[in-house]
Amino acid sequence: MKSLENRLLKVRQDIQQGATACGRSSESITLLAVSKTQSPDQLEAAYNLGQRAFGENYLQEAREKQQALANLDIEWHFIGPIQSNKTREIAEHFDWVHSVDRIKIATRLSEQRPENLPPLNICLQINIDNESTKSGIELEKLPELVEQIHSLPGIRLRGLMAIPRANNSEEQQLDSFQRLANAKNAYPFMDTLSMGMSSDLPLAIAAGATIVRIGTAIFGKRSQKEQK
Ligand SMILES: *Cc1c(COP(=O)(O)O)cnc(C)c1O
């Protein structure tokens, strides 16, 4: 079995190669290690190999890891669906939220962000392939949502996030990423495109990803059943 170290080095190499292939600097791409279902020990091992940004989908699980790893200088990203009764804890304990898709959530995160912390970095989640099973807003609704939330004081609207349809062809994946990139480019104040997972990393980088969210390729296949 390959070690965490080998896998992490391989992912870093893939990011480097993907960036070089399209004339980008790999420094413009942040690797977010998606650590859902992974134990605190696994996160600490990745941390000791230099990984700083970790992404979690489930609040309860994330809070347990945050408490276990409180002595580490981790940048915490929330990337899962958000229930409105969970916004306070998210606003208090994360640096980034990638999965904001309605005004109510954005407003609550802004109001509940503690004043001693910098504004919470957020991305709006776009349902880029209009799938009924996925969260996120349709692209057509983006201008209205941006208008409503971009001046909220407790949050900083950094950009857009999407998870393209899983069984798309490469051509379709690239098209989805490019549509997201075009949508972001309409807003000069946005600097973030959160897209690209273990299976579609090079395409996402070619289309302009600035945060890639990688789980399996770093930690291996998730064995533990995911909570819902
Ligand atoms: C699980 C997850 C990922 C990582 O997926 P892998 O295929 O394991 O790399 C990325 N983004 C989101 C929103 C996820 O839920």
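No lab work stands behind these numbers, since they all come straight from the coordinates. The structure presented is a predicted model; accordingly, all values stated were derived computationally and were not measured. Glycine gets a Cβ as well: all are built from the backbone with ideal geometry, and neighbour counts include every protein chain shown.
Tabulated data
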read-out: Reachable aspartates and glutamates, given that their alpha-carbon falls under 19 Å from the alpha-carbon of Lys221 and they are not under 8 places away in the same chain; value: Glu5, Asp14, Asp41, Glu44, Glu56, Glu61, Asp200
read-out: Net length gained if the chain between Asn182 and Asn85 were fully extended (0.36 nm per residue, minus Cα distance); value: 31.6 nm
read-out: Amide hydrogen neighbours beyond the local backbone of Val34, cut-off 5 Å, H modeled; value: Gly55, Ile214, Gly215
read-out: Segment 61-162: GluC sites (Glu not before Pro) in DSSP loop, at most 13 other beta carbons within 10 Å; value: Glu115, Glu131, Glu138
read-out: Loop-located GluC sites (Glu not before Pro) in segment 165-228, at most 14 other Cβ atoms within 10 Å (DSSP); value: Glu226
read-out: Which listed pairs, of Lys65/Lys86; Lys104/Lys134; Lys2/Lys134, have C-alpha distances above 26 Å, in listed order; value: Lys2/Lys134
read-out: Charge dipole magnitude, Cβ of K and R +1, D and E -1 - segment 23-94, Cα centre, debye nearest 20; value: 220 debye
read-out: Full-extension gain in nm, Arg156 to Leu72, via 0.36 nm per residue minus C-alpha separation; value: 27.8 nm
read-out: Spin-label model distance (nm) - Glu170 vs Ser223, 7 Å beyond Cα toward Cβ; value: 3.3 nm
read-out: Computed [θ] at 222 nm, helices only, for the chain once each DSSP H run of length n ≥ 4 contributes -39500 (n - 2.57); value: -11000 deg cm²/dmol
read-out: Cleavage-rule hits (chymotrypsin sites (Phe, Trp or Tyr not before Pro)) in segment 153-228: DSSP loop, at most 16 neighbouring Cβ within 10 angstrom; value: Phe189
read-out: Dipole magnitude of segment 26-171, debye to nearest 20 (Cβ charges: Lys/Arg +1, Asp/Glu -1, about Cα centre); value: 380 debye
read-out: Candidates Pro188, Pro202, Pro114: whichever shows maximal mean-square fluctuation once the chain is modelled as a Gaussian network with Cα springs under 10 Å; value: Pro188
read-out: Inter-site label distance for Arg63 and Glu5 at 7 Å from Cα along Cβ, in nm; value: 3.6 nm
read-out: Binned Cα-Cα distance frequencies in segment 143-224 - 5 Å width, integer %; value: 3, 14, 23, 20, 16, 12, 7, 4, 0
read-out: Choice from Ile205, Ile214, Ile137 with maximal GNM fluctuation in the chain (Cα, 10 Å cutoff); value: Ile137
read-out: Alpha carbon Rg of the chain, scaled by the compact-globule rule 2.2 N^0.38 Å; value: 0.97
read-out: Segment Leu117-Asp41, length gained on full extension (0.36 nm per residue, minus Cα span); value: 24.6 nm
read-out: Most mobile of Ala207, Ala21, Ala46 in a GNM of the chain (Cα contacts under 10 Å); value: Ala21
read-out: Space enclosed by the convex hull of the alpha-carbon atoms of segment 31-124, per residue, Å³; value: 90 Å³
read-out: Integer Hz, Karplus 6.51/-1.76/1.60 couplings in order for segment 123-139, x for Gly and Pro; value: 10, 8, 8, 9, 7, 5, 10, 6, 8, 5, 8, 9, 6, x, 9, 6, 4
